[in-house]
Amino acid sequence: MQTLALVLATLLALLHVYILVLEMFFWTKPLGRRAFGLKADFAEQSKALAANQGLYNGFLAAGLAWGVVQGAAAGRPWLIFFAGCVVVAGVFGAATASRKILFVQALPGALTLAAALAA
């Protein structure tokens, strides 16, 4: 279970790096607009907010990566905390922005959290 927790945490961190890149660098580009279903004018008006949001996703990725680097035993508290943060952010995002976030962010976070708790 420890190996599973580390693998899931690594994948979750990579997902959040991808989200960071989309929100910080591709928000107004076709890739970012397609990923988030945005019209060009809205993307342009909200790009500063998206960059800020992307930075927060980077912090989630960094915390998860730190837990993975620490290893299964020492990194477990980090993985539990940051996977829990991902779940909370995903549920909030699903409730306030798009139900899709529940499956893209909260579900992978919940699986990672469950594996870390069981490790």
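Things worth noting here:
- The chain: angle of helix 2-25 to the longest principal axis, Cα-based, in degrees nearest 10: 20 degrees
- Distance from the alpha carbon centroid of region 38-55 to that of region 1-28 works out to 20 angstrom.
- Karplus-derived 3J(HN,Hα), 6.51/-1.76/1.60, for each residue of region 73-80, Hz, glycine and proline x: 6, 5, x, 3, x, 5, 5, 4
- With respect to the chain, whose longest principal axis is taken over its alpha-carbon atoms, helix 47-70 is tilted by about 10°.
- Phi angles across region 28-45 convert, under the Karplus curve 6.51 cos²θ - 1.76 cosθ + 1.60 with θ = phi - 60°, into 3J(HN,Hα) values of 9, 8, x, 4, x, 5, 5, 4, 10, x, 9, 7, 4, 5, 5, 4, 5, 5 Hz, Gly and Pro given as x.
- Dipole axis of the chain (+1 Lys, Arg; -1 Asp, Glu on Cβ), positive-most option in ALA5, ALA43, ALA74: ALA43
- Residue-wise HN-Hα coupling along region 111-116, computed from phi with Karplus coefficients 6.51, -1.76, 1.60 (Hz; x: Gly, Pro): 5, 5, 4, 4, 5, 5
- Per residue accessible area of region 23-119, 1.4 Å probe, in Å²: 59 Å²
- Cα shape, region 30-119, gyration tensor, a/c 1.5 rule: prolate
- Gyration tensor verdict on region 64-103 (Cα atoms; rounded if a/c is under 1.5, prolate if a/b is larger than b/c, oblate otherwise): prolate
The values are calculated or read from the model by the stated rules, or taken from the named source; none is laboratory data. Remember, it's a predicted structure, so these values are computed and weren't measured experimentally. Heads up, the Cβs are rebuilt from the backbone with ideal geometry, glycines too, and the neighbour counts pull from every protein chain shown. Ligands, DNA and RNA are excluded from the accessible area calculation, which covers all protein heavy atoms including side chains. Shrake-Rupley method; radii C 1.70, N 1.55, O 1.52, S 1.80 Å.
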